[in-house]
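Data first, discussion second: the structure below is written as structure tokens.
The values are calculated or read from the model by the stated rules, or taken from the named source; none is laboratory data. The structure presented is a predicted model; accordingly, all values stated were derived computationally and were not measured. Backbone-built Cβ (ideal geometry, glycine too); neighbour counts: all protein chains shown.
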Amino acid sequence: MSDRRSLSADPLKFLIVDDHALVRYGLALALRQRYEDVAIVEAGSLAEATRKARSEPGLTAILYDLQMGDSDEHSGLSEMLEAAGEVPLIVVSGVTDGNVIASCIRAGARGFVHKGCEGTVLDQALPIVLEGGIFAPAPPAARDGRPVRIALTSAPASVRSESDAVNGLTERQREVLRLLLEGQSNKEIARALGVLEGTIKVHLRTVMQRLGVRNRTQLALATMKAGIKLSS
């Protein structure tokens, strides 16, 4: 198979919640650039977001702006989390206060992504969150009153060559890659690892992007070129 469509039979579906249409557009564009056939649901108010969270089937994750115009931060997040149920929620906000970030995680958010970060942070955050982990930035520092780039505690190092790229993968990403190279389908990999098939699609898309390839054949060749043995 030669295209990304083969990675999963079912599309990922994200609910983007932000009261600024341009921000919603930017997040949707970032997701569409990373995942083929991704379904995007948008909400411009908390009331609309809670309604869609309860009514939209098959949501993969929710990207939620902490500062919605029709609610305050704390009660709004609590209401959104209640509506989300088992669907993981990632706060996407311009807030840099470490106490606020910690309170979001304590409240039940599964991740926190700063609006000023690079778009590739989504590639790091989504697999962690969809596996049941927590993705949050380290406490930010400031220089001259301006926020600086947040160092992510869960992010792998930046990589350039195929060898560095494979070595820079997380343990779970390497495991998914190993099973894929053994010829297993997404469904078989998901069953073997005890996760959702959509989570495997996210992992594979992240691995492919890091290695600069577009399909399974190119992925196998890049791994061989790297000379990395994935099995223990």
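Can you find, within the range 49-70, the residue that is modelled with the highest pLDDT among those that are touching an Asp or Glu at 6+ places or on another chain (Cβ under 7 Å) and part of a loop (DSSP other than H, G, I, E, B)?
This residue is Asp65.
Filter the range 1-37 for residues that are part of a loop (DSSP other than H, G, I, E, B), surrounded by fewer than 21 Cβ atoms within 10 Å (Cβ to Cβ) and at pLDDT 90 or above and give the result.
Matches in the range 1-37: Asp19, His20.
Taking the condition of being among the polar types (S, T, N, Q) and in a helix (DSSP H, G or I), how many residues in the range 71-83 meet it?
Here the count works out to 2.
Which of (1) closer than 17 Å to Leu130 by Cβ; (2) small (Gly, Ala, Ser); (3) surrounded by 13 or more Cβ atoms within 10 Å (Cβ to Cβ); (4) under 17 Å from the mean Cα position of the chain (by Cα) does Ala53 not meet, given it meets every other one?
Failing condition for Ala53: (4).
Does the range 86-98 contain any residue that is farther than 25 Å from Lys201 by Cα, charged (D, E, K, R) and surrounded by 21 or more Cβ atoms within 10 Å (Cβ to Cβ)?
Scanning the range 86-98, I find no residue that is farther than 25 Å from Lys201 by Cα, charged (D, E, K, R) and surrounded by 21 or more Cβ atoms within 10 Å (Cβ to Cβ), so the answer is no.
Which of the residues that make up the range 108-122 are surrounded by 15 or more Cβ atoms within 10 Å (Cβ to Cβ), among the small types (Gly, Ala, Ser) and in contact (Cβ under 8 Å) with a residue 40 or more places away in the chain?
If the condition is that a residue be surrounded by 15 or more Cβ atoms within 10 Å (Cβ to Cβ), among the small types (Gly, Ala, Ser) and in contact (Cβ under 8 Å) with a residue 40 or more places away in the chain, then Ala109 is the only one that fits.
Based on this model, can you work out whether Lys201 counts as of a type in the set (Lys, Arg), within 20 Å of the chain's Cα centre (by Cα), modelled with pLDDT of 85 or more and in a helix (DSSP H, G or I)?
The answer is no for Lys201.
Need the failing condition index for Cys104 against (1) under 18 Å from the mean Cα position of the chain (by Cα); (2) part of a loop (DSSP other than H, G, I, E, B); (3) hydrophobic (A, V, I, L, M, F, W, C), just the number.
(2) is the only condition that Cys104 fails.
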